[in-house]
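Worksheet for the structure shown next.
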Amino acid sequence: MSSATGPDTELTLRHRLYELIDDPDRSVADKQQKALELGCEFLGVGNGYIQRWNGDSSVDEIVVGVGSDPGLLSTGTTVEQSTSYCRRTVEANSPVALSNVPEQGWSDDPAYLEHGLSCYLGTTIFVRGEVYGTVCFADHEPRNTEFDAEEKAFVELIARLLGRELEANEHERRIEQREQQRDELEDKYETLIEMAPDAIFVTDEETGEITRANKKAAELTGYDRSELAGMALLSLHPEANRDRYRALFDGATITGRDRFDDGTPLTVQRADGSEIDIEVSTSTVELGDRTLRHCIVRDISRRRDREHELRVKNRAIEAASVGITIADATEDDLPLVYANTEFEHLTGYDSEAIRGQNCRFLQGEATAEEGLDRIRGALAAEQPITTEILNYRADGSPFWNELTIAPVTERGSESVTHFVGFQQDITARKRQEQSLAVLDRVLRHNIRNGMSVISGFARVIAERTDGELAAMATRIIDSSEELTALTEKARDLQEAMRAQEPLHCRDIVDDVEAVVSDLETEYPAVTFTVDASGSPQVAATERLRSALEEVGENAAKYGSTSVSIRIEDTGTDRIAVHVSDTGPGLSENEQRVVESGRETPLEHGDGLGLWLVNWIVTDLGGDVRTTVEDGTTVTLELPRTDDQRPQSRGHRSTLRSLSE
């Protein structure tokens, strides 16, 4: 095998090679293939290929392969570096020319043993100074002559031109990638601006005009986006303060600013003239020869409202007439984190001095362990509690404390984070209750004993006399029995005032029928009728029956021979019980007492029964009304309920987050 070209052919092939590489319509792969074909034609060999060098591996890829032997190092195949002449070419860093491998002493080379290539001419392709691979021409048949300088130069020319083409292609690819990345970034930027939860304005730093505004910006300002485009950003602020806004924004990067240095709130003036409190963050971006300012504006009107509300609540807590403490439920031993001014006045302890301590420092030698156990149980169960406990001030003096503790939960969860305590000095009330209890016990005991003696003597007189004297003795007996009954009413009234039984769902019809059954036995001459439908439920306690008994007994005793009880579903949140008689009717004083629960020295009732009715019903959350027309109708209105769980009339079971 010998060269297939002469000088004229070489010149022609060089021109064809340049035209090929300079053809803008051809792809890189097409140029590679045609260049290999020209090389094969110029050298007179059967095959040409471009082997991609992989310095990190022992296996290379044939990028393009052409020639008469399709099975020899064809496009897309791989080859071990150790069985190719490529390794020799890369290592030599210059063309490797083998015209007759066996005669040149390369017959034991793995490339010859593997592929049987007797002639080979290859050189390295460089891209941006780095080895890309080799361009190789080979044949199974040896050449008759050595590869001359022109042939080597032609192969090197192919390598340089292909390397330059690969560089240009890679450069274009990188430009395309950068443009694609830029487009993707712009798309992401646009998406982020549109999806942002806050208003975003992009302004020209030099002119201060808005170049872009998102949907939230339009919603915040009340302007259309088309109106915002080109508008000066400063024009969105109140005119009187625009110089201050200009100085604030002038070249500065701002993070979360919502006030001027003097505390004046930052605001935006909407299209309708109203102002909104805002928080601003700004930054600048260099874009070529242009500087843009990126402004994030957040509407904090609600936050300001909450802050104002919180300040009002804090002032209210500080001004409260009861001691208030807050303990951290997430720490061991529930340390105090807050105590208001009234707590300091009540206990004599400084709030800062007791911060971090458990509230047990108020306990002393006479503090009842039973009450402490109830408090510990409620805290462990994270339940509210109201109790009365004997505490001690900083100076050692005791006082009775009405203590209420309620758990505080985290916003949006059931996790208890704090316990809030309310303390009120009830020492005077306790002393009054103790005095009244002693007085009540003594009076009721003495009255019962005295009335028993008076009644006994009156009975003897009534039995041994007749006429007017016997009648007076009978009146004495009746009056003594009424006074004795009055002491029992006083006891019932006292128990009603003390009782703190939780409310339960009760069937009012069952309660009315049970009371009527007892009254029919006690007053057999009176006819009782009950008008009711369904089983309406009310929120009440067992004491409701005491009120029903008192009203029914009063109607039976002072009304007439018939008493009607009608249970009415009012269609609202109330169930009404109407107790009617045809007697002479309650006096105006008695009506005012039973409805208002109050009396004066000039306006007062004759007994305690109607007081008992008023206090029981109003304590249950109900009302009492009277109507006197052809007799008396007493109406008890009670709260309807369908909730079967016990209910409290005291503090709410759980307080929400302290920040609310």
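Kindly indicate whether any position in the range 233-251 is among the aliphatic types (A, V, I, L, M), within 23 Å of PRO197 (Cα to Cα) and open to solvent by 60 Å² or more (accessible area, probe 1.4 Å).
No, every residue in the range 233-251 fails to be among the aliphatic types (A, V, I, L, M), within 23 Å of PRO197 (Cα to Cα) and open to solvent by 60 Å² or more (accessible area, probe 1.4 Å).
If you check GLU205, GLU194, GLU190, which single one turns out to be touching a Ser or Thr at 6+ places or on another chain (Cβ under 6 Å), open to solvent by 30 Å² or more (accessible area, probe 1.4 Å), farther than 21 Å from SER274 by Cβ and not aromatic (Phe, Trp, Tyr)? Spell out the reasoning first.
Numbers: GLU194 fails: touching a Ser or Thr at 6+ places or on another chain (Cβ under 6 Å); GLU190 fails: touching a Ser or Thr at 6+ places or on another chain (Cβ under 6 Å).
Result of the check over GLU205, GLU194, GLU190: GLU205.
Please go through (1) without any contact (Cβ under 8 Å) to a residue 12 or more places away in the chain; (2) open to solvent by less than 80 Å² (accessible area, probe 1.4 Å); (3) within 25 Å of PRO238 (Cβ to Cβ); (4) in a helix (DSSP H, G or I) for ARG311 and return the number of the only condition it doesn't satisfy.
It fails just one condition, (2).
LEU586: open to solvent by less than 50 Å² (accessible area, probe 1.4 Å), at pLDDT 75 or above and not small (Gly, Ala, Ser), yes or no? Walk me through it before giving the result.
On the way: open to solvent by less than 50 Å² (accessible area, probe 1.4 Å): yes; at pLDDT 75 or above: no; not small (Gly, Ala, Ser): yes.
The answer is no for LEU586.
What about GLU19, is it in contact with a Pro (Cβ under 8 Å, 6 or more places away or on another chain) and exposed (fewer than 13 other Cβ atoms within 10 Å of the Cβ)?
No, not satisfied.
Report the residue count in the range 89-130 for those that are of a type in the set (A, V, I, L, M), surrounded by fewer than 18 Cβ atoms within 10 Å (Cβ to Cβ) and either in contact (Cβ under 8 Å) with a residue 40 or more places away in the chain or assigned to a strand (DSSP E or B) (or both).
First, pick out the residues of the range 89-130 that are of a type in the set (A, V, I, L, M): 90, 92, 96-98, 101, 111, 113, 117, 121, 125, 127.
With surrounded by fewer than 18 Cβ atoms within 10 Å (Cβ to Cβ) added as a condition, the list becomes 92, 113, 127.
Now drop any that are not either in contact (Cβ under 8 Å) with a residue 40 or more places away in the chain or assigned to a strand (DSSP E or B) (or both), which leaves 127.
Count: 1.
Which members of the range 613-629 meet the condition of being of a type outside the set (A, V, I, L, M, F, W, C) and in a helix (DSSP H, G or I)? Give the derivation first.
Narrowing the range 613-629 to residues of a type outside the set (A, V, I, L, M, F, W, C): 614, 618-619, 621-623, 625-627, 629.
Those that are of a type outside the set (A, V, I, L, M, F, W, C) and in a helix (DSSP H, G or I): ASN614, THR618, ASP619.
Taking ILE200 as the residue in question, decide whether it is of a type outside the set (Asp, Glu), surrounded by 11 or more Cβ atoms within 10 Å (Cβ to Cβ), assigned to a strand (DSSP E or B) and out of contact with any Ser or Thr (no Cβ under 9 Å at 6 or more places or on another chain).
yes
Restricting to the range 140-159, and then to whatever is hydrophobic (A, V, I, L, M, F, W, C) and out of contact with any helix residue (DSSP H, G or I) (no Cβ under 9 Å at 6 or more places or on another chain), can you tell me which residue is least open to solvent (accessible area, probe 1.4 Å)?
Here the answer is ALA159.
Kindly check whether there is at least one residue in the range 270-281 that is in contact with a Ser or Thr (Cβ under 8 Å, 6 or more places away or on another chain), open to solvent by less than 50 Å² (accessible area, probe 1.4 Å) and either modelled with pLDDT under 90 or not hydrophobic (A, V, I, L, M, F, W, C) (or both).
Yes, that holds for at least one residue.
Considering only residues that are under 17 Å from VAL516 (Cβ atoms), of a type in the set (S, T, N, Q) and open to solvent by 70 Å² or more (accessible area, probe 1.4 Å), which ones fall in the range 541-576?
THR561
Just the residues that are open to solvent by 30 Å² or more (accessible area, probe 1.4 Å) and closer than 14 Å to HIS115 by Cα, please, taken from the range 63-88.
Matches in the range 63-88: ASP69, PRO70, GLY71, SER74, THR77, THR78, GLU80, SER82.
Looking at the range 323-415, what helices (runs of 4 or more DSSP H) fall wholly within it and have at least 3 residues that are free of Cβ contacts under 8 Å to residues at least 60 places away in the same chain and not small (Gly, Ala, Ser)? Don't jump to the end; show me each part of the working.
Details: elements: 341-347, 351-354, 369-380.
By residue number, 341-347, 369-380.
Every residue in the range 47-62 that is open to solvent by 40 Å² or more (accessible area, probe 1.4 Å), assigned to a strand (DSSP E or B) and not acidic (Asp, Glu), please.
ARG52, VAL59
Between residues in the range 39-66 that are acidic (Asp, Glu) and residues that are open to solvent by 50 Å² or more (accessible area, probe 1.4 Å), which pairs lie under 7 Å by C-beta distance while being six or more apart or on different chains?
If the second residue must be open to solvent by 50 Å² or more (accessible area, probe 1.4 Å), the pairs left are GLU41/ALA4; ASP60/ARG52; ASP60/TRP53; ASP60/ASN54; ASP60/THR78; GLU61/ARG52; GLU61/THR78.
Quick one: is ALA218 in a loop (DSSP other than H, G, I, E, B) and within 30 Å of TYR189 (Cα to Cα)? Explain how you work it out, then say what you get.
Values: in a loop (DSSP other than H, G, I, E, B): no; within 30 Å of TYR189 (Cα to Cα): yes.
In short, no.
Somewhere in the range 212-225, is a residue without any contact (Cβ under 8 Å) to a residue 12 or more places away in the chain and open to solvent by 30 Å² or more (accessible area, probe 1.4 Å)?
yes
Looking at (1) modelled with pLDDT under 90; (2) touching a Phe, Trp or Tyr at 6+ places or on another chain (Cβ under 9 Å), which is the one condition that is false for ARG246?
So the condition that ARG246 fails would be (2).
Which condition does LEU162 not pass, out of (1) open to solvent by 20 Å² or more (accessible area, probe 1.4 Å); (2) closer than 30 Å to GLN33 by Cα; (3) out of contact with any Leu (no Cβ under 8 Å at 6 or more places or on another chain), if it passes all the others?
In the conditions (1) open to solvent by 20 Å² or more (accessible area, probe 1.4 Å); (2) closer than 30 Å to GLN33 by Cα; (3) out of contact with any Leu (no Cβ under 8 Å at 6 or more places or on another chain), LEU162 misses (1) alone.
Which of the residues that make up the range 516-566 are over 19 Å from THR632 (Cα atoms) and outside any loop (DSSP other than H, G, I, E, B)?
Residues satisfying the conditions are SER517, ASP518, GLU520, THR521, GLU522, GLN537, VAL538, ALA539, ALA540, LEU544, ARG545, SER546.
The values are calculated or read from the model by the stated rules, or taken from the named source; none is laboratory data. As the structure is a prediction and not an experimental result, all values here were calculated from the model. Every residue, glycine among them, receives a Cβ derived from its backbone with ideal geometry; neighbour counts consider all protein chains shown. Side chains included, ligands, DNA and RNA excluded: accessible areas come from the protein's heavy atoms. Shrake-Rupley method; radii C 1.70, N 1.55, O 1.52, S 1.80 Å.
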